Amino acid sequence: MSLLRKTLLYLMLAAIPVALGGVWFFGTLINRVIRYEVDEQLSSDLAFIQHQLQTARVPLNRGHHLLDNPYIALLPSGHPIGRMYSDTVEFDRREQEPVPVRRLTATAQIGDRMYLIVVRQAMGEFEEIAHLLSLGVMVAFVLLLILLTLLNGWISRRLWQPFYRLIDQLRTYRLNERTPDTFDRSGIDEFDQLSVALNDMSLTLHRQYVGQKEFTDHAAHEMQTPLAVVTTQLDRLLTTEPLTEEQVNLMEQAQQSVRRLVQLNKSLLLLTKIENNQFADQQRVNLSELVNRLHLNFAAYAQHRGLNWTTLIEPDVSRLMNPYLAEVLISNLLKNSLTHALPSTFAQLDLTNSQFTVTNVGPPLPFPADQLFDRFVKNPARPESTGLGLALVKQIADRYGMTVDYCYDERGRLHTFTLFFPN
Amino acid sequence: MKILLVEDEPSLLLAMRQYLEEEGYVMTTAATFAKASMALNDYDYDCVVVDIGLPDGNGLNLIRQLKAADKESGLIIISAKDSLDDKLTGLELGSDDYITKPFHLPELNARIKSVLRRRFFGGSNLIRYGEIVVDPLSHRVTVADQRIELTEKEYNLLLFFIANSNRLLTKSAIAEYVWGDHMDMADSHDFLYTHIKNLRRKLMDAGCPDYLKTRYGAGYLFTTT
């Protein structure tokens, strides 16, 4: 639920009890005021009648009731009774229906006679006025609510505009761009604080990113240089005479180890660089051409191992990738399949629009299959492997939203790696 | 042939210098950007080998200086960074080759020879070694006027052997030159052996004496003697 709707909902929830309570209170208030005023009117009428009776020239002992309202009659008992207001319903002849009536009953002593005086006021009209007033208040309240809602929506939309702009900027934010993005200011303190915080964060992140990048670059430099020295010194040593077979063998072994270290260093750096998102540039890579080229590259090796290597490559399969990573991804899968294949068996390679599959024959994995893509997990029988090839595969696949799937078929002793491309 | 070698690591510089001097080149070395820049200004070289990661400046600027002076030198970049950007920039600026640290000296030697050949003979001169004649333009190899068909890898191997003739080459050095990054395959040495065996057989079938000798069980020596 958006902030706007949420605000409106709370506004409604708060407004409804207020409205109900307000209507009840207002109705009661109007009724009370009307009753008070009517009572006052009745009391004033009574006073007027009493005054007239005091000064009356017409003796009132004849005829019980000259008028119905006010009703004045002789009280035979002669006992005075207190003022009494009461509500009754009387039949209205004009309206042809019973109407509520407010009545004031009192007595007045004129000389030795006691009169009963009843003054009445029909309440129907007043109640209608009260109803209309209440209705008016309710309508005004509903109108006010609608107006408030509209106003609130409009204001919110205006107020939150900078916020939505910040979100859009965050969405397009890319860490690897050369200059970090700056988030706009809006003139609203809270959002300005947010954009200042975002700018600070982006700057810090960018610095860290650049630092990491420089670190990997420097690490490569610092590691490669001593390795280069070792390599060249061994080369120099090999040009000295006389040499014994033992010395040459030792140097050759040292060179092999240096080679492994170089490979390890390269693979680790590559992993770090991918993690640091340093291969952000992408282009349409024609995977069919790439697979064909690598197939050609590795064909001699497959032949050397006596493998019957069959391929099925759909033409013009392309994906948006970094070309270098695409090559690492495909070649690592191919290398893995070819080096682990049992000699003189077969290997298979398929590329379609939706997936890339490599299959080879081999004994079951010496470790659980779920460790296959972990770093430095390798077959103990092959200590010379870096144990990073498939970790790289996983890392690159994850990066491009592809999934790598491994399965082993017991009967055919088939290892199958499938790379599923996202749609 | 005069070569300028620019490298800030002293032991590496010395090793490269000695190795290349043994190949008969006249070597000039520079350990800093400033010295290299001065040397480039004052003299002409047939080939310049530059490490682009110098402490006092980017080696790529040396290449720009060289290109601005319009000199005919061949150019090889050495970089510790296996970074595609540097490689592309270097090649765009007009460098002839790019080599990543660490490398084997025989490989550097082979690359220098190849660059010099392309620069000064347009790659059209024939490479002769004993009975073997290689035409680098068409990749044709003949032994005593008889054409032999080599695969690409075998051809590269042969050029590498000829460039480093009379030198002991370890399997590691050969394998790295021939396979480069694809070398981390488990049994690459067996694989290399297959290639060498095939090359040797093809040469000998065409009547070439066996120039390729195994030394100490771990290396090879290509020699007419």
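The values are calculated or read from the model by the stated rules, or taken from the named source; none is laboratory data. Keep in mind the model is a prediction, meaning the values are calculated, not measured. Cβ sites come from the backbone with ideal geometry, for glycine too, and all protein chains shown count toward neighbours.
Data overview
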{"read-out": "Count of residues meeting criterion [more than 7 Å from chain B (Cβ to nearest Cβ) and acidic (D, E)] in segment A:229-263", "value": "2"}
{"read-out": "Residue among B:R167, B:R119 that alone is modelled with pLDDT of 85 or more and among the basic types (K, R)", "value": "B:R167"}
{"read-out": "Test: A:R178 is at pLDDT 85 or above and among the basic types (K, R)", "value": "no"}
{"read-out": "Pairs, first under 14 Å from B:V49 (Cα atoms) and without any contact (Cβ under 8 Å) to a residue 60 or more places away in the chain in segment B:13-31, second crowded, with 19+ Cβ neighbours inside 10 Å and of a type in the set (G, A, S), C-beta under 8 Å, six or more apart", "value": "B:A30/B:A36"}
{"read-out": "In segment B:32-49, the residues that are in contact (Cβ under 8 Å) with a residue 40 or more places away in the chain and either within 20 Å of B:Y98 (Cα to Cα) or surrounded by 14 or more Cβ atoms within 10 Å (Cβ to Cβ) (or both)", "value": "B:Y45, B:D46, B:C47, B:V48, B:V49"}
{"read-out": "Residue among B:L14, B:L4, B:L20 that alone is within 13 Å of chain A (Cβ to nearest Cβ) and crowded, with 18+ Cβ neighbours inside 10 Å", "value": "B:L20"}
{"read-out": "Number of positions in segment B:69-86 that are in a strand (DSSP E or B) and within 22 Å of A:P226 (Cα to Cα)", "value": "4"}
{"read-out": "Hits in segment A:337-394 (condition: hydrophobic (A, V, I, L, M, F, W, C), within 14 Å of another protein chain (Cβ to nearest Cβ) and either surrounded by fewer than 19 Cβ atoms within 10 Å (Cβ to Cβ) or in contact with a Gly (Cβ under 8 Å, 6 or more places away or on another chain) (or both))", "value": "A:A341, A:L342, A:A381"}
{"read-out": "Segment A:395-408 - residue that is hydroxyl-bearing (S, T, Y) and farther than 23 Å from A:K266 by Cβ and, of those, farthest from the other protein chains (Cβ to nearest Cβ)", "value": "A:T403"}
{"read-out": "Test: residue in segment A:280-300 that is without any contact (Cβ under 8 Å) to a residue 40 or more places away in the chain, among the basic types (K, R) and part of a loop (DSSP other than H, G, I, E, B)", "value": "no"}
{"read-out": "Residue in segment A:301-311 that is farthest from the other protein chains (Cβ to nearest Cβ), counting only those that are hydrophobic (A, V, I, L, M, F, W, C) and not in a helix (DSSP H, G or I)", "value": "A:W309"}
{"read-out": "Looking only at segment A:230-240, and only at residues there that are of a type in the set (A, V, I, L, M) and surrounded by fewer than 20 Cβ atoms within 10 Å (Cβ to Cβ), the one that is modelled with the highest pLDDT", "value": "A:V230"}
{"read-out": "Counted residues, segment B:184-215 - those being touching a residue at least 24 places away in the same chain (Cβ under 8 Å) and within 17 Å of A:L243 (Cβ to Cβ)", "value": "1"}
{"read-out": "Residues of segment A:80-94 satisfying the condition of being closer than 24 Å to A:I110 by Cα and assigned to a strand (DSSP E or B)", "value": "A:M84, A:Y85"}
{"read-out": "Yes/no for A:A122 being under 30 Å from A:Q52 (Cβ atoms) and in contact (Cβ under 8 Å) with a residue 60 or more places away in the chain", "value": "no"}
{"read-out": "Of all residues making up segment B:23-59, the number that are within 14 Å of chain A (Cβ to nearest Cβ), more than 24 Å from A:E241 (Cβ to Cβ) and of a type in the set (D, E)", "value": "1"}
{"read-out": "Residue check for A:S186: more than 8 Å from chain B (Cβ to nearest Cβ), assigned to a loop (DSSP other than H, G, I, E, B) and surrounded by 14 or more Cβ atoms within 10 Å (Cβ to Cβ)", "value": "yes"}
{"read-out": "Residues of segment B:143-169 satisfying the condition of being touching a residue at least 60 places away in the same chain (Cβ under 8 Å) and either within 14 Å of another protein chain (Cβ to nearest Cβ) or β-branched (V, I, T) (or both)", "value": "B:V143, B:I162, B:R167, B:L169"}
{"read-out": "Odd one out for A:A220, checked against (1) more than 7 Å from chain B (Cβ to nearest Cβ); (2) touching a residue at least 40 places away in the same chain (Cβ under 8 Å); (3) under 27 Å from B:T170 (Cβ atoms); (4) among the small types (G, A, S)", "value": "(1)"}
{"read-out": "Residues within segment B:87-110 that are away from chain A (no Cβ under 14 Å), in contact with a strand residue (DSSP E or B) (Cβ under 8 Å, 6 or more places away or on another chain) and assigned to a helix (DSSP H, G or I), tallied", "value": "2"}
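Results for (1) outside the structural domain of A:V33 (by TED's automatic domain parsing); (2) of a type in the set (S, T, Y), shown as yes or no for each residue.
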site: A:M123; (1), (2): no, no
site: A:E128; (1), (2): no, no
site: A:L132; (1), (2): no, no
site: A:L135; (1), (2): no, no
site: A:M138; (1), (2): no, no
site: A:V142; (1), (2): no, no
site: A:S156; (1), (2): yes, yes
site: A:L159; (1), (2): yes, no
site: A:R165; (1), (2): yes, no
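Quick grid of which residues meet (1) under 30 Å from A:L261 (Cβ atoms); (2) buried (at least 18 other Cβ atoms within 10 Å of the Cβ); (3) modelled with pLDDT under 90:
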| position | (1), (2), (3) |
| --- | --- |
| B:G53 | yes, yes, yes |
| B:L66 | no, yes, yes |
| B:D86 | yes, yes, yes |
| B:L105 | yes, yes, no |
